[in-house]
Each structure stands twice: as C-alpha cells, then as structure tokens.
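**Student:** What follows is a single structure, and I will ask about it in a moment.
The values are calculated or read from the model by the stated rules, or taken from the named source; none is laboratory data. Everything quoted here is computed from the prediction, not taken from an experiment. Neighbour counts run over all protein chains shown; Cβ positions are idealised from the backbone, glycine included.
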Amino acid sequence: MTAAVAAVDLGATSGRVMLGFVSHNELSLRPVARFPNTPVATIDGLHWNILELYRNVVSGLGAAVREEPSLRSIAVDSWAVDYALITGNRMLGNPYHYRDQRTAAGVEKTSALVSATELYAANGLQFLPFNTLYQFAADAVAGSLDQAETALLIPDLINFWLTGAARAEKTNASTTGLLNVHTREWDDALIERLGLPRGLFPELVEAGTPIGTLLPAVASEIGLSNQAALSLTVTAVGSHDTASAVVAVPATGDDFAYISSGTWSLVGVELPSAVVSEASRLANFTNEGGVDGRVRYLSNVMGLWLLSESVRTWEKSSGAAIDLPPLISEAAAVTTPVAVFDADDPRFLAPGDLPSRIVDWCASNDVDAPRTRAEFVRSIIESLAHAYATKIEQLTELSGRSIRTIHIVGGGSLNALLCQLTADRTGRTVLAGPVEATAIGNVLIQARAQGLVTGSLESLRALVAQAFAPVVYEPRSR
Ligand code: ADP
Ligand code: LRH
C-alpha cells in the first residue's frame with residue numbers, strides 16, 4: 001500500500017514542504033511549498049527569521065493536507081547547531097544565526113575550561129566556532145541563560161510548536177558538542193564542567209520515534225478537524241538535515257563517500273563506530289550521529305555559500321537578479337588557469353562581500369586573483385573541488401575505508417561543473433543526485449516508522465537508487 005507523509009526540510013538557503021509517497025517498491029516526492037530562508041541582522045546580531053519560517057511551514061502543511069487529506073505523518077529537519085531558549089511555552093528572544101559573531105567569547109571561555117583534546121575525546125566533534133556548546137558559553141557570558149528552562153534546536157522547536165512536546169532528536173543533538181561520542185547520551189560530566197544547567201537539555205529521542213499529535217490550534221490552522229488530527233503523527237527523523245541526506249544516498253556496498261552539497265558541503269563516509277584518534281582531531285574530522293546508530297564521519301567544507309554570497313554581492317551592486325545556470329556555463333567556458341584558494345579559510349564564514357575576500361586571500365598568498373565574474377565562479381568551483389579531493393584522501397587515511405565512488409547529493413548535484421571537476425580532481429566516479437536527498441531521507445524514516453517500508457538503511461538506499469537514477473561523471477585525464 002502506498003501512503004503519504006510530509007517532510008519539512010529547512011535549509012540555510014531555502015525551505016520546502018514535500019509530500020512523499022512510499023511503499024515497499026515505490027518512492028516519489030512532490031513539492032507543495034518552497035520558500036527562501038533569509039536571515040535578519042539587528043542591533044544585537046544576526047538572527048534567523050524563525051517566525052516567518054514557521055508561518056511558511058504551517059501554510060505548507062496546510063497545502064499538503066489539502067492535497068492528501070489522509071496524510072499519515074509529518075517530520076521536520078533543518079540545519080544543525082542553532083536553537084531557541086524557552087521558558088514555559090515562551091521563546092526567549094529570536095534564535096541567533098550560526099554566522100553571528102558572538103561565539104568568539106564562547107570559544108575563549110570553553111577553551112579555558114576544557115582542552116581541545118579532552119573535548120574531542122568526549123564529543124568526537126570537529127572544531128567549528130559556532131558549535132552549540134560555544135553558543136551556549138557566549139549566552140552564559142551575556143547572562144541570557146538565566147531565565148531559560150529548555151533549549152530546543154530548530155527542528156525540535158518546530159516540533160514543540162506543532163505538538164507541545166519538547167524533545168531532542170539525537171542526530172541533531174550530536175552537533176551540540178554535548179552528547180558523548182560513545183554513549184550518544186547527554187554528557188553530564190562535560191555539561192557540568194562547562195557550567196551549563198543540565199535542565200536545559202530535553203529527553204533525547206531516536207529518529208523514527210513518534211513525538212506527538214498536532215495541537216488543536218495547529219490542526220485547525222492547517223485545516224484538519226481535531227478528530228482527523230489524531231491519526232496524523234509528528235515523527236522524529238534524522239532532524240539534522242545532513243543525517244537525512246545521508247539516509248538517501250543511493251549507494252550500494254560500502255566503498256563510497258558522500259558529499260552533501262548545499263550551503264555547506266559535508267564530505268564523509270558512514271561508519272559503524274567513531275574515530276577519535278589524535279590524527280582525526282588534528283584533521284578536524286567529526287563524528288556526528290547518524291540514523292540507526294551509524295556514525296557520520298565527515299568534515300565541513302565552506303560549500304556553495306561561497307558562490308551564493310558572491311552572487312548576492314554582485315546582485316547588490318548591479319541591482320539585477322543573477323541566474324545561476326548561465327553563470328556556471330560561463331565559468332565552464334573559462335580556459336585560463338584560475339586561483340585555487342583555501343575554501344575553508346575562516347575569513348569566508350561571515351556574511352558580506354565575498355569576492356573581495358577572495359581577492360584578499362589571493363593577495364596574502366601571492367596568487368593572481370580572478371578578475372571577471374566567470375573567473376570568480378570558476379575559481380570558487382575549482383577551489384571547492386580541490387577541497388573535496390583533499391578531504392576524500394584524508395577520509396581514506398583516517399577511517400581506513402576505501403572509496404571507489406563519490407555520491408554528490410543536494411543542490412550542488414545540479415552543478416555539472418562542480419561534479420565534473422570533483423571527478424577529475426579525485427580521480428573517482430561521481431554519482432550526482434538526488435537533489436532533494438534531505439527531504440527523501442526525512443520521508444523514508446517516517447515512512448519506515450509508519451510501517452510503509454521496512455529494513456535497514458541499505459534497503460532504503462536501494463529504493464532511492466531505483467527511484468532517482470544518479471547522473472554519472474567519470475574522471476577526465478588531466
Ligand atoms: P541548503 O539545504 O543548504 O539550503 P540546497 O541543497 O538547497 O542547500 O542547495 C542550495 C545550492 O544549490 C545553491 O546555493 C546553489 O549553489 C545550488 N543550486 C540550486 N539550483 C541549482 C541549479 N539549477 N544549478 C546549479 N546549482 C544549483
Ligand atoms: C548543513 C548543516 C551542516 C552544519 C551546518 C551548520 O545544512 O546542517 O551539517 O555543520 O549546517
């Protein structure tokens with residue numbers, strides 16, 4: 001039997017609500033709403049426009065229910081690390097964006113309390129200045145935690161608003177830096193050492209667990225009677241978007257790496273257990289929690305943010321909208337060599353004029369900077385492919401996993417130049433797509449919880465491979 005579920009997938013660039021139709025031999029998705037995710041800078045820093053996002057989620061769910069009145073389940077995933085502080089039912093302030101500058105004070109405070117080696121042994125997480133624990137430390141310095149009873153990561157917050165139940169889904173909780181890498185439970189000793197209130201952290205739930213049913217006001221808002229709402233479950237899935245994307249990598253065997261390529265590029269392999277060696281810490285590889293207890297052993301590359309923030313800069317100065325596909329075609333036609341810069345240089349993290357920072361990087365590294373738009377785009381895409389290739393080599397060394405093919409999923413899988421250059425620079429076959437891997441992974445885990453499909457991640461991936469044949473890029477000789 002095929003039945004419908006709805007996936008809410010909130011990316012850092014855009015959000016969508018998608019209907020998923022699943023049975024043991026069928027998988028298809030249909031978008032019902034897409035909306036931009038545009039952050040807002042105010043006098044106290046950079047924030048997500050969380051109420052606007054929630055309004056779009058509810059209106060998208062309304063459209064989903066109109067199209068499929070017998071919808072069985074809803075699940076939410078989003079970007080990681082960010083959260084709202086809650087007292088009772090009240091949100092204390094608007095959630096900060098991970099690109100906000102306030103975390104520097106948190107990094108300093110945390111490093112004074114726990115060494116980087118001890119931290120990695122406890123949480124197995126790569127250092128990113130915006131990891132939730134540094135944000136909490138910054139909040140503590142500012143006194144913002146004093147009134148808070150609970151902290152909810154973004155998908156947990158949306159689930160709370162939909163159902164009234166405050167839970168912490170584990171894959172996303174693993175990005176806080178406060179889960180123990182081995183037990184996958186809140187690390188009470190670490191939380192105490194950091195001086196954070198233990199009560200902030202809600203009960204953990206695994207992907208696939210029911211969270212609750214819709215609150216009556218929400219049911220009415222999306223056009224369901226209270227009675228009908230009782231047969232619709234809000235389900236926990238891999239609520240970290242990357243965890244859901246990894247579920248939907250259409251891989252066979254285990255000799256593959258994935259690149260979840262969107263605003264960020266997450267380059268990794270799936271492992272049965274964590275790698276917490278000193279070499280892994282120094283290479284800044286992370287052990288994030290995956291669905292079904294798997295480990296997502298990966299590293300963040302700055303990603304297509306480099307391109308989208310450059311496009312934003314050019315659009316601002318010209319006042320005209322820029323279409324991505326022709327821009328990428330112009331970059332593909334560039335024949336002169338372009339600068340390959342360090343895509344992960346911290347100078348690229350904050351919002352603002354990105355092309356000028358590429359020019360700065362080139363000046364400080366004595367490299368000729370790109371001049372035309374097409375050269376900038378080519379330089380960005382070459383630099384991303386170079387970073388991917390470096391991470392793939394490190395992955396094989398650090399994990400011992402041999403990698404034959406590379407699956408690129410997410411928006412970046414539509415970028416043919418990026419996919420081809422990745423094949424060329426890694427010397428491996430690249431399989432591109434599906435573009436909506438995150439929503440697909442979200443759909444599959446709720447469908448499995450509903451009994452619409454059964455089996456391991458491997459059998460779910462076989463279903464993805466059958467429904468969404470990837471585009472193949474073979475390496476060209478250089
Ligand atoms: P996120 O989930 O982080 O919001 P997505 O997976 O939606 O990110 O990917 C967004 C990125 O996908 C954009 O920044 C853009 O670079 C790329 N992208 C989207 N559509 C296209 C397209 N038609 N051609 C090339 N790249 C695209
Ligand atoms: C990708 C992502 C990534 C995190 C970053 C904050 O959307 O979730 O896995 O590191 O956002």
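**Student:** Which one is nearest to GLN227 (Cα to Cα) among residues in the range 28-84 that are β-branched (Val, Ile, Thr) and within 14 Å of ligand 1 (Cβ to nearest atom)?
**Tutor:** VAL76
**Student:** Quick check: is even one residue across the range 317-339 closer than 21 Å to LYS391 by Cβ, surrounded by 12 or more Cβ atoms within 10 Å (Cβ to Cβ) and more than 27 Å from the chain's Cα centre (by Cα)?
**Tutor:** The answer is yes; a qualifying residue exists.
**Student:** Can you tell me how many residues in the range 407-464 are assigned to a helix (DSSP H, G or I) and within 16 Å of ligand 2 (Cβ to nearest atom)?
**Tutor:** Number satisfying all stated conditions: 9.
**Student:** Could you tell me whether GLN466 is among the polar types (S, T, N, Q) and farther than 28 Å from THR426 by Cβ?
**Tutor:** So GLN466 does not fit the description; no.
**Student:** What are the residues in the range 249-268 that are within 16 Å of ligand 1 (Cβ to nearest atom), out of contact with any Ser or Thr (no Cβ under 7 Å at 6 or more places or on another chain) and among the hydrophobic types (A, V, I, L, M, F, W, C), if any?
**Tutor:** VAL249, TRP264
The rows are residues; the columns are (1) touching a residue at least 40 places away in the same chain (Cβ under 8 Å); (2) under 19 Å from the mean Cα position of the chain (by Cα); (3) within 30 Å of SER277 (Cβ to Cβ).
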site: HIS386; (1), (2), (3): yes, no, yes
site: GLY400; (1), (2), (3): no, no, yes
site: VAL430; (1), (2), (3): yes, no, yes
site: LEU444; (1), (2), (3): yes, yes, no
site: ALA449; (1), (2), (3): yes, no, no
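For (1) of a type in the set (A, V, I, L, M); (2) farther than 30 Å from ARG312 by Cβ; (3) touching a residue at least 60 places away in the same chain (Cβ under 8 Å), each residue gets a yes or a no:
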{"residue": "SER225", "(1), (2), (3)": "no, yes, no"}
{"residue": "LEU271", "(1), (2), (3)": "yes, yes, yes"}
{"residue": "THR286", "(1), (2), (3)": "no, no, yes"}
{"residue": "GLY293", "(1), (2), (3)": "no, yes, yes"}
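**Student:** So, in the range 87-103, of the ones that are of a type in the set (S, T, N, Q) and more than 18 Å from PRO197 (Cα to Cα), which residue ends up surrounded by the most Cβ atoms within 10 Å (Cβ to Cβ)?
**Tutor:** Taking the range 87-103 and keeping what is of a type in the set (S, T, N, Q), we get 87, 89, 94, 101, 103.
After this cut, where a residue has to be more than 18 Å from PRO197 (Cα to Cα) as well, the list is 89, 94, 101, 103.
Working: ASN89: 9, ASN94: 16, GLN101: 14, THR103: 25.
Result: THR103.
**Student:** Could you go through the range 298-305 and let me know if any residue there is away from ligand 1 (no atom under 16 Å from the Cβ) and not β-branched (Val, Ile, Thr). Steps first, answer last, please.
**Tutor:** Going through the range 298-305, the residues away from ligand 1 (no atom under 16 Å from the Cβ) turn out to be 299.
Those left that are additionally not β-branched (Val, Ile, Thr): 299.
The answer is yes; a qualifying residue exists.
**Student:** Still on this structure, I have one more. Looking at (1) crowded, with 20+ Cβ neighbours inside 10 Å; (2) within 19 Å of SER244 (Cα to Cα), which is the only condition CYS419 fails?
**Tutor:** Result: CYS419 passes all but (2).
**Student:** Take the residues of the range 322-357 that are polar (S, T, N, Q) and outside any helix (DSSP H, G or I): which is nearest to ARG371 (Cα to Cα)?
**Tutor:** The residue in question is THR336.
**Student:** Got a number for residues in the range 141-187 being in contact with a Gly (Cβ under 8 Å, 6 or more places away or on another chain) and modelled with pLDDT under 95?
**Tutor:** Residues that pass the stated criteria total 2.
**Student:** Also, quick follow-up: Among the residues of the range 36-67, write down those that are under 23 Å from THR103 (Cα atoms), crowded, with 17+ Cβ neighbours inside 10 Å and among the β-branched types (Val, Ile, Thr).
**Tutor:** ILE50
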